[in-house]
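Below: one structure, written as structure tokens.
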Amino acid sequence: MKSPLSDWQLHCARSTVLAGGVLAYPTEAVWGLGCDPWDQDAVERILQLKQRPVKKGVILVASSVAQVAFLLDPLPKALQQEAERHWPGPVTCLLPDVKQQIPEWVRGQHSSIAVRVSDHPVVRALCEASGMPLVSTSCNPAGRQPARYIWQVRRYFGQELDWIVPGALGGNRNPSRIIDIVTGKQFR
């Protein structure tokens, strides 16, 4: 897959993530905020920007099933297959984090972790360039509409972001569905 981003854009995004920075980037439906999920300061910065309590948790987004295999491997085969049948695409699966591999500042008060394997070319390129799944949460302060345009990203957060990755939103009008793969319950 050819990246929609230039080598320079990918370098800047990767460098930002690895240095503990916060990115804004286009996703399937809305602009997202992202960072290295294992960097507590970066995640806390996103939560502060959004005015979002840590107990709610955030989503991890990946470029491939291989990037989140460490979360799937401890699960029964049937649950692995249930998650994989939704990916890649605009479906976020709640996966039990049975080995507690994801930090609490990402997971929040939950025993599971929200994971999406994206089919959006920019998201995939960012995760590939970074070599890891990234935090993904809508680009908006709590209580405000998620950004659908780059001007909204700038209005909401302006100079508080380390990098705004160029690109277009995908064709979805609604944020990703969230499905608990253990119970089958759909949250949105």
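The values are calculated or read from the model by the stated rules, or taken from the named source; none is laboratory data. Not measured: the values here are computed from a predicted model. Ideal geometry is used to build each Cβ from the backbone, glycine not excepted, and the neighbour counts take in all protein chains shown. With ligands, DNA and RNA removed, areas are computed over all heavy atoms of the protein, side chains included. Shrake-Rupley method; radii C 1.70, N 1.55, O 1.52, S 1.80 Å.
Write out, first by first residue and then by second, each pair whose Cβ atoms fall under 6 Å of each other, whose residues are 6+ apart or on separate chains, and whose first residue, in the stretch 73-97, is over 16 Å from ILE113 (Cβ atoms) while the second is open to solvent by 30 Å² or more (accessible area, probe 1.4 Å).
That search, which allows pairs on different chains as well, returns PRO88/ASP119; GLY89/ASP119; PRO90/ASN172.
Condition first: closer than 22 Å to VAL182 by Cβ and assigned to a loop (DSSP other than H, G, I, E, B). Now tell me which residues in the stretch 46-79 satisfy that.
If the condition is that a residue be closer than 22 Å to VAL182 by Cβ and assigned to a loop (DSSP other than H, G, I, E, B), then GLY57, VAL58, ASP73, PRO74, LEU75, PRO76 are the ones that fit.
Which one of the conditions (1) open to solvent by 20 Å² or more (accessible area, probe 1.4 Å); (2) in contact with a strand residue (DSSP E or B) (Cβ under 6 Å, 6 or more places away or on another chain) does ASP97 fail to meet, given that it meets all the rest?
Going through (1) open to solvent by 20 Å² or more (accessible area, probe 1.4 Å); (2) in contact with a strand residue (DSSP E or B) (Cβ under 6 Å, 6 or more places away or on another chain) one by one, ASP97 breaks only (1).
Inside the stretch 1-24, can you point out the residues that are open to solvent by 10 Å² or more (accessible area, probe 1.4 Å) and among the small types (Gly, Ala, Ser)?
Once the filter is applied, which keeps residues that are open to solvent by 10 Å² or more (accessible area, probe 1.4 Å) and among the small types (Gly, Ala, Ser), the stretch 1-24 yields SER3, SER6, SER15, ALA19, GLY20.
With closer than 24 Å to GLN152 by Cβ and open to solvent by less than 20 Å² (accessible area, probe 1.4 Å) as the only criterion, which of VAL91, VAL68, VAL58 stands out?
On the way: VAL91 fails: closer than 24 Å to GLN152 by Cβ; VAL68 fails: closer than 24 Å to GLN152 by Cβ.
Matching residue, one of VAL91, VAL68, VAL58: VAL58.
The rows are residues; the columns are (1) open to solvent by 20 Å² or more (accessible area, probe 1.4 Å); (2) over 16 Å from the mean Cα position of the chain (by Cα); (3) within 20 Å of PHE157 (Cβ to Cβ).
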site: PRO26; (1), (2), (3): no, no, yes
site: CYS35; (1), (2), (3): no, no, yes
site: TRP38; (1), (2), (3): yes, no, no
site: VAL43; (1), (2), (3): no, no, yes
site: LYS50; (1), (2), (3): no, no, yes
site: ARG85; (1), (2), (3): yes, yes, no
site: ARG107; (1), (2), (3): yes, no, no
site: VAL115; (1), (2), (3): no, no, no
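Among the residues of the stretch 19-45, write down those that are in contact with a Cys (Cβ under 8 Å, 6 or more places away or on another chain), among the small types (Gly, Ala, Ser) and not in a strand (DSSP E or B).
Restricting attention to the stretch 19-45, the residues satisfying the condition of being in contact with a Cys (Cβ under 8 Å, 6 or more places away or on another chain) are 20-24, 30-33, 42-43, 45.
Okay, now just the ones that are also among the small types (Gly, Ala, Ser), so 20-21, 24, 32, 42.
Correct list: GLY20, GLY21, ALA42.
Restricting attention to the stretch 2-17, which residues are of a type outside the set (Ser, Thr, Tyr) and in contact with a helix residue (DSSP H, G or I) (Cβ under 7 Å, 6 or more places away or on another chain)?
Pass one, the stretch 2-17, residues of a type outside the set (Ser, Thr, Tyr): 2, 4-5, 7-14, 17.
Within the stretch 2-17, PRO4, LEU5, LEU10, ALA13, ARG14, VAL17 qualify.
Please find, within the stretch 154-182, the residue that is modelled with the highest pLDDT out of those that are in contact with a Ser or Thr (Cβ under 8 Å, 6 or more places away or on another chain), in a loop (DSSP other than H, G, I, E, B) and of a type outside the set (A, V, I, L, M, F, W, C).
ASP162
Out of all the residues in the stretch 87-107, which are at pLDDT 95 or above, assigned to a loop (DSSP other than H, G, I, E, B) and either over 17 Å from ALA69 (Cα atoms) or among the hydrophobic types (A, V, I, L, M, F, W, C) (or both)?
Result: TRP87, ILE102.
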